[in-house]
1. What whole-number distance in Å separates the alpha-carbon centres of segment B:159-215 and segment A:195-235?
2. Viscosity 0.692 mPa s, temperature 37 °C: give me the Stokes-Einstein translational D for the protein assembly as shown in µm²/s, with Rh taken as the Kirkwood radius over C-alpha pairs.
3. What number, in percent, do you get for the relative contact order of segment A:93-151 if the mean sequence gap of Cα pairs under 8 Å and at least 6 apart is divided by its residue count?
4. Which of B:Ala125, B:His27, B:His45 sits closest to the plus end of the dipole of chain B, meaning its Cα is farthest towards the positive end, when Lys and Arg get +1 and Asp and Glu get -1 on the C-beta?
5. On full extension of the chain, what length is gained from B:Glu196 through B:Ser62, given 0.36 nm per residue of separation minus the C-alpha to C-alpha distance?
6. Which one of A:Ala304, A:Ala273, A:Ala124 has the biggest mean-square fluctuation once chain A is modelled by GNM with Cα springs under 10 Å?
7. Taking square-rooted eigenvalues a ≥ b ≥ c of the alpha carbon gyration tensor, is segment A:34-139 rounded, prolate or oblate, where a/c under 1.5 means rounded and, failing that, a/b exceeding b/c means prolate?
8. With a 10 Å cut-off between alpha carbons and a GNM built on chain B, which of B:Val194, B:Val250, B:Val25 moves the most?
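Since every read-out is calculated from the coordinates, none of them should be taken as a lab result. Just so you know, these numbers come straight off a predicted model, no measurement behind them. So basically every Cβ, Gly included, is an ideal-geometry build from the backbone, and we count neighbours across all protein chains shown.
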There are 2 protein chains.
Amino acid sequence: MHDLIAGIDIGGTNTVFGLVDRDGVVHGEGRVPTATHAGPEQLVHAVAEGIHTALAAVHGASLRAVGIGAPNGNYYRGTVEFAPNLAWRGIVPLASLFREALGVPACLTNDANAAAIGEMTYGAARGMRDFLLVTLGTGLGSGFVANGHVIYGHDGFAGELGHTIAVRGGRPCGCGRRGCLETYASATGIVLTVRELLEEGGTDSRLARVDVEDLTSRAIADAAAAGDTLAKEAFEITGRTLGEALADAVAITSPEAIILFGGLARSGDLILAPTVRALEETLLPIFRGKTRILLSALMDRNAAVLGAAALALAEESDR
Amino acid sequence: MHDLIAGIDIGGTNTVFGLVDRDGVVHGEGRVPTATHAGPEQLVHAVAEGIHTALAAVHGASLRAVGIGAPNGNYYRGTVEFAPNLAWRGIVPLASLFREALGVPACLTNDANAAAIGEMTYGAARGMRDFLLVTLGTGLGSGFVANGHVIYGHDGFAGELGHTIAVRGGRPCGCGRRGCLETYASATGIVLTVRELLEEGGTDSRLARVDVEDLTSRAIADAAAAGDTLAKEAFEITGRTLGEALADAVAITSPEAIILFGGLARSGDLILAPTVRALEETLLPIFRGKTRILLSALMDRNAAVLGAAALALAEESDR
């Protein structure tokens, strides 16, 4: 007899789910395209069917709760609000749709908060009460945990470290402002940095011969690993900008650790080394040498699904 | 029969205490010079004597707990650590000294956190679970409250908004770095701003005729209230720098309100108006129009004593 939690990760292209037990073992999983469904009701119906099918394949299993991670997810309301990468308009009450479809408690949060809860429950932040998770993907997402709880803020939208200003009047951001941290410290940001370095005359770099559409953070990491000076400089600049911003974040919440996650974090020491150096150089003296920067322990597992399941698990134990 | 809490505020010059009930009414108070005592043990002895005397004057009163607010106070350890404005060296276990001297539970935190708890218990933040208190005095102190609890961080030193960087490479700060917010947005910061404006040629200002030692934030507020252009410009610059920094803080913790406290906050609209304007102009769109900026409700009462007492009260109810 297994009590299982369904963790659901709503992505722009696919929605992935997994049936997770208390120890983080995934007993079944599935995938449904997000965008081909006419609306959220149809998507919820298809995911619920997939969950029932996966559940039937696990001997003696019963579904206890559902946790959902979604872009622009609001924990307090269980809604997805004006998500730019989803086809739905306005405010969608996704948690209550899943609650009705599956007949179990459902809760929802945004992807970065779900990842933070996943690290706290199953990953690199086990046993920590104060830490910060930073996702370095297309943008920069963050989940702040203080006193053992995610900081949601009064409206459910806290944790937007990616939209603190790194360079006043700097690069234009998708949010309509300028100089946001995520325009520098993200997979997208490092590509922009390389383009700027190339325009400034980095013709010796092997990246000068890469087509624009192939110039990805992965290609930059490969070039840096092969010793390309310009690619290494791009990681230095990215790490410095990130480390300086993290020093300000540490001054506010003083986390035990900062956990890096997502595409750019996969480049390992290339991003870690300059970030740690800039952080330590920039920190207020009383904080120096006290905050560890770690890589996610869930990067090669389905972190978003585990995080969403961990959220539901945490709600269970609060109930 | 009154259960009273002793709230103690350790200042560089004087240590002030008050006997406070659950409703925030002060039933007795006293004052002891801080620096004339040979060491912390002697100060604790003198304060404990004062508390006993004040307690004896309240009919049927008994002491239930002690709360202490102190510069560089560490909540977790109950210690004052390397406080630059106190004559004591190193780490002083002040909470346990008071516990032994008075025979009741004692807890301690830094002044800004104590003020935040005071506002939450007796002041402008009653009923709020997510807010930020900012003290604009000689420096800039801050207390962040999320999910109804002060963010202490893993080491007890969180909440150093004054030492986030407002201007990279900017004004030298007492912490040894450059450009810290408190070198701009504080009573000291606005004086520096006025000096810079005067050096740039603000000879028409009435502040050009004020002696250096009389150039205080109060004198600047008086000049601005009288229409002095340079003084008003200094408030604009100060409020803009503060508002921009608060926009970044809101992106991280999304507070319901930001409460301003301390010397510079006494100038009211002179500092509020440009701060609110810069905040709203700079905020990420989803946060606009949602975070109120308020003045402290405890400014004309003994906020530090009330805050320290409120800390002890909160500990009582957690026990």
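1. Taking the Cα centre of each part, segment B:159-215 and segment A:195-235 sit 42 Å apart.
2. Value of D from the Cα-based Kirkwood radius: 125 µm²/s.
3. Averaging sequence separation for qualifying contacts and normalising by length gives 27 percent for segment A:93-151.
4. Of the candidates, B:Ala125 comes out farthest on the positive side.
5. Between B:Glu196 and B:Ser62, full extension yields an extra 42.8 nm.
6. Most flexible of the set in this elastic network: A:Ala273.
7. oblate
8. Result: B:Val25 has the largest fluctuation of those listed.
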